[in-house]
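Report on the following structure.
The values are calculated or read from the model by the stated rules, or taken from the named source; none is laboratory data. All values derive from a computational prediction rather than experimental measurement. Positions of Cβ are generated from backbone atoms using ideal geometry, with glycine treated the same way; all protein chains shown enter the neighbour counts. With ligands, DNA and RNA removed, areas are computed over all heavy atoms of the protein, side chains included. Shrake-Rupley method; radii C 1.70, N 1.55, O 1.52, S 1.80 Å.
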Amino acid sequence: MSTNETPYTRVAIVLHWLIAVLIFCTFPLGLYMSDLPLSPARVKLFSYHKWIGITILALAILRLGWRSFHRPPPLPATMPRWQQVASHALHYLFYLFLLVVPLSGWLMSSAKGFQTVWLGILPLPDLVSKDKALGELLTEVHESLNWILLVLVCVHVAAALKHHFIDRDGLLLRMALRKRTV
Ligand code: HEM
């Protein structure tokens, strides 16, 4: 296994793909549900969206905690300096957005007077008291942050595919769950 392929820990890999799948679910759900007319079905979809969103927040905090004790494998020395800097910057931005996007949704719901009850079981505290104007502002914030998140995801996926299919440097394999010989 070349240094290019020094893998992340299994926990980091599982958290990476779990968070990725949950974002790929809750993003289109958010777009779809926002335009629906008021109905019991819309209310249910809003709950599912919030449950997934809060789960992403919890997993992101777990992942940051794990990362602080399990440093990611170093980027290959053969990688151009600007790519190393860009890669680190994108990863830090990702962690920031994995926290602020769900927090903006939670704040928005609190300001709109809708308590978030995680999985329909655990009532979460309202982060702010009811405030119509703040609720509308936070809706815009949640929406804008999500479009930036989408751009970050597209750049991240494009870079990963370029490394795998063009550079063939095995970088994508560092995030693959594979049998370990060592
Ligand atoms: C990473 C997690 C999350 C992602 C990726 C996400 C994504 C989105 C997207 C794409 C929309 C549609 C915005 C638009 O209309 O263009 C949306 C709407 C919404 N989100 Fe989230 N969201 C997340 C977490 C949350 C959380 C944690 C909550 C609340 C606890 C929440 C509450 C809402 C609500 C209430 C709307 C509808 C806003 C409206 O009235 O139009 N979201 N979300």
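Can you say whether residue 81 is within 30 Å of residue 170 (Cα to Cα), crowded, with 16+ Cβ neighbours inside 10 Å and basic (Lys, Arg), as far as the supplied structure shows? Break it down into steps so the answer makes sense when it comes.
Working: within 30 Å of residue 170 (Cα to Cα): yes; crowded, with 16+ Cβ neighbours inside 10 Å: no; basic (Lys, Arg): yes.
So residue 81 does not fit the description; no.
Within region 28-60, which residues are within 8 Å of the ligand (Cβ to nearest atom), in a helix (DSSP H, G or I) and either open to solvent by 40 Å² or more (accessible area, probe 1.4 Å) or not small (Gly, Ala, Ser) (or both)?
If the condition is that a residue be within 8 Å of the ligand (Cβ to nearest atom), in a helix (DSSP H, G or I) and either open to solvent by 40 Å² or more (accessible area, probe 1.4 Å) or not small (Gly, Ala, Ser) (or both), then 28, 29, 31, 33, 34, 46, 49, 50, 52, 54, 56, 57 are the ones that fit.
Regarding residue 67, is this residue within 16 Å of residue 175 (Cβ to Cβ), assigned to a helix (DSSP H, G or I) and of a type in the set (Lys, Arg)? Can you show your working first?
Values: within 16 Å of residue 175 (Cβ to Cβ): yes; assigned to a helix (DSSP H, G or I): yes; of a type in the set (Lys, Arg): yes.
Yes: the conditions hold for residue 67.
Residues that are more than 14 Å from the ligand (Cβ to nearest atom) and either touching a Leu at 6+ places or on another chain (Cβ under 8 Å) or of a type outside the set (Phe, Trp, Tyr) (or both): does region 131-138 have at least one? Give the steps one after another, and end with the answer.
Within region 131-138, the subset more than 14 Å from the ligand (Cβ to nearest atom) is 131, 133.
So of that shortlist, the ones also either touching a Leu at 6+ places or on another chain (Cβ under 8 Å) or of a type outside the set (Phe, Trp, Tyr) (or both) come out as 131, 133.
There is at least one residue in region 131-138 that is more than 14 Å from the ligand (Cβ to nearest atom) and either touching a Leu at 6+ places or on another chain (Cβ under 8 Å) or of a type outside the set (Phe, Trp, Tyr) (or both).
Given the conditions (1) among the aliphatic types (A, V, I, L, M); (2) exposed (fewer than 14 other Cβ atoms within 10 Å of the Cβ); (3) more than 17 Å from residue 100 (Cα to Cα), which single one is not true for residue 64?
For residue 64, the failing item is (3).
Among 93, 107, 103, which is within 21 Å of residue 59 (Cβ to Cβ), more than 12 Å from the ligand (Cβ to nearest atom), assigned to a helix (DSSP H, G or I) and open to solvent by 40 Å² or more (accessible area, probe 1.4 Å)? Full working, then the answer.
Working: 107 fails: more than 12 Å from the ligand (Cβ to nearest atom); 103 fails: more than 12 Å from the ligand (Cβ to nearest atom).
Checking each option against the conditions leaves just 93.
Considering region 153-166 alone, what residues qualify as being surrounded by fewer than 16 Cβ atoms within 10 Å (Cβ to Cβ) and out of contact with any Leu (no Cβ under 7 Å at 6 or more places or on another chain)?
Step one: of region 153-166, the residues surrounded by fewer than 16 Cβ atoms within 10 Å (Cβ to Cβ) are 154-155, 157-158, 160-162, 164-166.
The answer is 154, 157, 158, 161, 162, 165, 166.
So, in region 114-151, of the ones that are without any contact (Cβ under 8 Å) to a residue 12 or more places away in the chain and among the small types (Gly, Ala, Ser), which residue ends up farthest from residue 102 (Cα to Cα)?
133
For residue 151, all conditions in the list (1) within 15 Å of the ligand (Cβ to nearest atom); (2) farther than 16 Å from residue 86 by Cα; (3) among the aliphatic types (A, V, I, L, M) hold save one; what is the number of the exception?
Exception for residue 151: condition (2).
Working only within region 116-152, note down all residues that are surrounded by 13 or more Cβ atoms within 10 Å (Cβ to Cβ) and part of a loop (DSSP other than H, G, I, E, B).
Listed by number, the residues that qualify are 116, 124, 126, 127, 128, 131.
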